[in-house]
Every structure is written in structure tokens, then in C-alpha cells.
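Peer 1: Below are the C-alpha cells for one structure; questions will follow.
The values are calculated or read from the model by the stated rules, or taken from the named source; none is laboratory data. All values reported here derive from a predicted model rather than from experimental measurement. Because the Cβ atoms are built from the backbone with ideal geometry, glycine has one as well, and the counts that use them run over all protein chains shown.
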Amino acid sequence: MHAPISNPLALVAELTHRCPLHCVYCSNPLELTARSRELSTASWARVLREAAELGVLQADFTGGEPLARPDLTEIIRAARAAGLYASMITSGLPLDEKRLDELVAAGLDHFQLSFQGAEEEAAREFSGTRTHAQKLRVAEWVKRHRIALTLNFVIHRQNLHQLEDMIALTEKIGPGRVEFAHVQYYGWAFANRERLLPTREQLDRSLEILKKAEERLRGRIKVEYVVPDYYAKYPKPCMGGWGRKVILVKPDGDVLPCHAANVLPGMTFENVEKRSLKQIWEESDAFQKFRGVDWMPDLCRTCDRRDQDFGGCRCQAFLLTQDAAATDPVCSLSAQRGVVDAILRDVNRSNAAAPEAAAPEPEWLYRPNPA
Amino acid sequence: MTPELTKRPRLAPGCRLNEKSQPSRVLLMPERALRLNGPSLEIVERCDGSHTIQQIVADLQKLYSKAEPQKVQQDILGYLERLQEQRALDFE
């Protein structure tokens with residue numbers, strides 16, 4: 001028996017895979033969607049209306065870089081006309097003050113600005129571009145408007161030592177919210193995992209710093225952080241459960257339950273040009289596949305936590321065990337937790353015993369641009 | 001920290017109520033939406049930067065005249081404080 005289907009609350013709209021940055025931990029799939037296959041403005045407007053009718057409250061515009069779409073202003077206007085909250089996550093370029101004014105006038109509610117480090121040099125290494133100075137300018141422009149500003153720092157082994165500088169930079173800019181998100185290991189980050197995973201010691205130290213900042217800034221800046229789940233005892237409730245809260249539309253209109261679901265073998269995804277968002281959400285094989293508890297292995301189906309973490313992340317289960325229907329192996333109860341522990345042992349051993357010079361670090365694999 | 005009664009709460013930048021025409025009213029904010037009903041909606045609708053907390057308390061005490069007035073004030077102060085910590089409100 002299938003559980004009753006709830007309606008999604010958030011639409012993640014991946015408007016394009018084009019991006020001026022080339023981050024080594026990009027959450028986009030390794031196979032990027034070409035520009036020629038991107039949805040038109042009119043199709044996005046229809047998707048946004050269908051999302052609102054389905055009960056979605058918020059549209060999160062992302063990419064790639066959403067600013068790479070020249071019609072972003074029209075798309076945001078369409079989101080507001082449909083009654084949605086309009087949020088975008090961006091690297092802050094290409095953008096000037098005039099275009100920002102237009103986005104705000106179109107109804108943009110929330111501007112999330114990503115940072116790759118506390119200063120230009122670190123940011124350049126991880127993103128393959130010089131963008132830090134532009135981001136500082138953009139933050140100042142955003143603050144002149146009455147819209148929400150969130151700073152989003154992506155943190156990992158190679159920039160964790162800058163955490164206190166990142167907090168200081170945050171205080172100087174003064175947004176309403178800041179997110180410190182440890183890299184999660186999918187897509188490009190999975191390919192670069194050996195260089196990105198922090199050691200246990202680094203992680204503990206970073207959590208101490210973040211907890212203190214959270215306390216100190218309470219009531220001024222809301223501090224949120226995401227821990228790398230390889231170190232967790234239980235898996236994260238990925239996307240709030242498969243097909244429960246979030247619906248994601250790719251640049252070409254394919255509809256997915258999460259960013260990374262196209263790594264899963266044997267899945268077919270339906271497209272907004274062929275069926276309505278409601279039909280896809282309620283009936284498509286991809287959304288039914290891991291919805292509810294019927295698909296779960298016994299360990300999860302009989303677990304008290306099944307309604308808290310929903311068996312964890314399907315993509316992670318597949319990437320680490322080659323079985324998308326396995327318990328997420330970061331779970332300490334999983335028979336396959338050993339896979340994760342072995343990775344952590346390597347990271348902690350090599351970094352503790354042989355700092356810097358000993359073995360050369362593997363080379364970064366930079367994310368390119370799609371055709 | 002409990003806010004002073006003379007402060008005027010105002011929804012923070014990027015936080016707003018959804019349209020009146022929608023079936024249920026929610027407070028929309030970055031990465032979150034808060035369902036509002038009865039008293040919470042009455043309170044948030046008055047967080048416009050012109051009502052003082054004192055005025056909001058007086059209004060709600062009138063609307064919910066069967067409730068203990070002191071308790072109404074306490075609940076409102078607690079609610080406003082939580083919204084402010086979520087950065088959904090500024091006290092002006």
C-alpha cells in the first residue's frame with residue numbers, strides 16, 4: 001500500500017548548467033545539459049504555475065549560474081505572478097547594479113550569494129576563477145534593497161582553516177543569514193573526494209567555532225551549518241524524503257526527486273514538455289520508486305528512525321554500495337558502514353601522518369562548461 | 001532576549017505573508033515557510049513597523065478576551081522573540 005502523497009513545498013529550478021565558475025565540488029551531474037536543450041522562458045513560466053497549483057510555496061532558482069540566463073528577470077516575474085516566493089542562489093556574476101535592480105523589481109525575495117573562501121586566492125583555487133572581489137561588491141548592492149541576503153560558504157578540508165575569517169567577513173557584510181555547508185559527496189565532489197573530506201579533528205574544531213558564532217550572533221545573523229554526513233551516526237533525511245517535499249526540474253525539463261538522481265541506474269525521468277508537474281509528481285515511476293517505506297530494506301523498514309531519515313540518501317547508497325535500494329551506508333546500523341569507515345580511515349591516516357609534502361595530493365578535477 | 005513593549009516589530013527583508021487569496025496563510029522566508037493560523041496570523045499581520053508590541057498585545061487581548069491577559073502578553077513576547085531569532089523580524 002502506498003502512503004498518501006503529500007504535495008511538494010519547494011521547486012528547485014536548475015535553469016541552466018552554464019556557469020562562469022568551475023568549482024571542484026559542483027553539485028551538477030558530470031554530464032552537463034547543453035544550452036541548446038534548455039527550456040524556454042514560456043515553458044518555465046508554465047512550470048512555475050503548475051508548481052503553485054500543486055502546492056509549492058517557494059521557487060529556488062539555481063544552476064549552474066541562474067544569471068547566465070538572460071531571461072532570469074522574466075522567470076522571476078513569472079514565479080511571483082504564480083504566487084511563489086522567489087529565491088536564487090548565485091555566484092554573483094555576471095551581474096551589475098542595474099540588472100540587480102531589475103531582478104528586485106520583478107519580485108526577487110531572497111538572494112543567496114555563494115563564497116568559495118574568505119579571500120581571493122583560496123576562492124580562485126576551488127572555483128577556477130577570480131570572483132571574490134565581485135562578490136563583495138554584489139553583497140553591498142543587495143543590502144541596499146529590502147530583500148533577504150544569505151551568504152553561503154562551501155567548506156571542506158582545504159579551506160576549513162579560514163573558517164574564522166569567513167565568519168569575520170560575514171559580520172562585516174551583515175546578511176540576515178549565513179550557511180556553512182560542508183561539501184556533500186556527489187557529482188564533481190565525489191570525483192574530488194580525497195582532497196575535500198576533512199579530518200575528524202578539523203571537523204570537531206570547525207563545529208566548535210560554528211557553535212560559538214551561532215551563539216554570539218543570535219538575533220543578528222542566523223548561522224546554519226551542514227556537517228559532512230560521512231562522519232554522522234545516522235544518515236541525513238535527504239531532500240526531506242524521496243518525493244515528499246521537493247521537486248527538481250533540470251535545465252532541459254526533466255523532473256527529478258533530487259539533484260543527483262540521474263546517477264541511479266535504470267531510472268527514467270519524465271519531462272515537463274510531455275506531462276504536467278502534477279502527473280509526474282503523483283504517478284511517475286521515478287517519484288514512486290523510493291517514496292514511502294515499501295521499497296526499504298528490512299533494516300530501515302523496521303527502524304524507529306524510518307520517518308526521520310527515510311533510509312537516507314539513495315544516490316549515496318548507490319555511489320558507495322552500487323545498490324540504490326540499500327540502507328545509506330553512512331548509517332551506523334548498516335552492514336556496509338565499513339565502506340565509509342575505510343574512506344575516513346584513509347583521510348585521517350594520510351593527513352595525520354604525512355602533512356603537506358609526503359605524497360603528492362591528487363589533482364583537482366575542475367567542472368567544465370556544457371556545450 | 002525579551003523585546004521591549006515600545007518596540008515596533010517589522011517583518012525582516014525577504015520575509016512576507018503569502019497572498020490573502022491563497023487557501024492557507026503562510027509566512028514566507030528564506031528556506032522556510034511558517035503556517036499561520038488564528039492568533040499567529042493576527043500577530044504577524046501587525047508586524048508592519050507601525051504597531052508597537054504594546055498595541056499588538058492590546059489588540060490580541062481584545063480578540064481573545066476569554067484568555068488570561070497576562071498569558072496573552074507572555075505568549076506574544078515569546079513568539080516575537082522566536083521570530084526575531086529566526087531573523088524573520090526586526091524590532092524597530
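Peer 1: What do you reckon, is B:L83 more than 10 Å from chain A (Cβ to nearest Cβ), under 30 Å from A:M239 (Cα atoms) and crowded, with 17+ Cβ neighbours inside 10 Å?
Peer 2: Working: more than 10 Å from chain A (Cβ to nearest Cβ): yes; under 30 Å from A:M239 (Cα atoms): yes; crowded, with 17+ Cβ neighbours inside 10 Å: yes.
Yes.
Peer 1: Can you pull out the residues in segment A:1-13 that are under 17 Å from the mean Cα position of the chain (by Cα), surrounded by fewer than 24 Cβ atoms within 10 Å (Cβ to Cβ) and not small (G, A, S)?
Peer 2: If the condition is that a residue be under 17 Å from the mean Cα position of the chain (by Cα), surrounded by fewer than 24 Cβ atoms within 10 Å (Cβ to Cβ) and not small (G, A, S), then A:L9, A:V12 are the ones that fit.
Peer 1: Given the residues A:A86, A:A139, A:A105, A:A118, which is the only one that is in contact with a Lys or Arg (Cβ under 8 Å, 6 or more places away or on another chain) and aliphatic (A, V, I, L, M)? Working first, answer last.
Peer 2: Working: A:A139 fails: in contact with a Lys or Arg (Cβ under 8 Å, 6 or more places away or on another chain); A:A105 fails: in contact with a Lys or Arg (Cβ under 8 Å, 6 or more places away or on another chain); A:A118 fails: in contact with a Lys or Arg (Cβ under 8 Å, 6 or more places away or on another chain).
Result of the check over A:A86, A:A139, A:A105, A:A118: A:A86.
Peer 1: Next up: Among (1) within 21 Å of A:H145 (Cβ to Cβ); (2) away from chain A (no Cβ under 14 Å); (3) not small (G, A, S), which single condition is B:I53 missing?
Peer 2: Of everything listed in (1) within 21 Å of A:H145 (Cβ to Cβ); (2) away from chain A (no Cβ under 14 Å); (3) not small (G, A, S), B:I53 misses just condition (1).
Peer 1: Only one of (1) in contact (Cβ under 8 Å) with a residue 12 or more places away in the chain; (2) in a loop (DSSP other than H, G, I, E, B) fails for A:K274. Which number is that?
Peer 2: (1)
Peer 1: Shifting gears a bit: Go through the residues of segment A:315-337 one by one and say whether even a single one is charged (D, E, K, R), modelled with pLDDT of 95 or more, touching an Asp or Glu at 6+ places or on another chain (Cβ under 9 Å) and more than 23 Å from A:F190 (Cα to Cα).
Peer 2: Initial filter on segment A:315-337 (charged (D, E, K, R)): A:323, A:328, A:337.
Pick out the ones that are also modelled with pLDDT of 95 or more and you get A:323, A:328, A:337.
Next, only the ones that are touching an Asp or Glu at 6+ places or on another chain (Cβ under 9 Å) stay: A:328.
The next check asks that each one be more than 23 Å from A:F190 (Cα to Cα); those that pass are none.
Within segment A:315-337, none of the residues are charged (D, E, K, R), modelled with pLDDT of 95 or more, touching an Asp or Glu at 6+ places or on another chain (Cβ under 9 Å) and more than 23 Å from A:F190 (Cα to Cα).
Peer 1: Of all residues in segment A:177-209, which are aliphatic (A, V, I, L, M) and surrounded by 21 or more Cβ atoms within 10 Å (Cβ to Cβ)?
Peer 2: Let us first name the residues in segment A:177-209 that are aliphatic (A, V, I, L, M), namely A:178, A:181, A:183, A:189, A:191, A:196-197, A:203, A:207, A:209.
Of everything in segment A:177-209, those that are aliphatic (A, V, I, L, M) and surrounded by 21 or more Cβ atoms within 10 Å (Cβ to Cβ) turn out to be A:V178, A:V183, A:A189, A:L196, A:L197.
Peer 1: Among the residues of segment A:54-88 satisfying the criterion of being among the small types (G, A, S) and closer than 14 Å to A:P251 by Cα, which is modelled with the highest pLDDT? Before you say what the answer is, go through the steps one by one.
Peer 2: First, pick out the residues of segment A:54-88 that are among the small types (G, A, S): A:55, A:59, A:63-64, A:68, A:78-79, A:81-83, A:86-87.
With closer than 14 Å to A:P251 by Cα added as a condition, the list becomes A:63-64, A:68.
Details: A:G63: 90, A:G64: 90, A:A68: 95.
Per the criteria, the residue is A:A68.
Peer 1: For the structure I just gave you, tell me whether A:I167 is free of Cβ contacts under 8 Å to residues at least 60 places away in the same chain, surrounded by fewer than 22 Cβ atoms within 10 Å (Cβ to Cβ) and more than 14 Å from chain B (Cβ to nearest Cβ). I'd like the intermediate steps shown before the answer.
Peer 2: Values: free of Cβ contacts under 8 Å to residues at least 60 places away in the same chain: yes; surrounded by fewer than 22 Cβ atoms within 10 Å (Cβ to Cβ): no; more than 14 Å from chain B (Cβ to nearest Cβ): yes.
So A:I167 does not fit the description; no.
Peer 1: Can you pull out the residues in segment A:219-234 that are more than 14 Å from chain B (Cβ to nearest Cβ) and at pLDDT 90 or above? Break it down into steps so the answer makes sense when it comes.
Peer 2: At the first step, the residues of segment A:219-234 found to be more than 14 Å from chain B (Cβ to nearest Cβ) are A:227-234.
Of everything in segment A:219-234, those that are more than 14 Å from chain B (Cβ to nearest Cβ) and at pLDDT 90 or above turn out to be A:Y230, A:Y231, A:A232, A:K233, A:Y234.
Peer 1: For A:S40, which of the numbered conditions (1) surrounded by fewer than 22 Cβ atoms within 10 Å (Cβ to Cβ); (2) out of contact with any His (no Cβ under 8 Å at 6 or more places or on another chain); (3) in contact (Cβ under 8 Å) with a residue 12 or more places away in the chain; (4) not hydrophobic (A, V, I, L, M, F, W, C) fails to hold?
Peer 2: (3)
Peer 1: Quick one: which residue in B:N18, B:N37 is modelled with pLDDT under 95 and more than 14 Å from chain A (Cβ to nearest Cβ)? Give the derivation first.
Peer 2: Numbers: B:N18 fails: more than 14 Å from chain A (Cβ to nearest Cβ).
After applying the criteria, what remains is B:N37.
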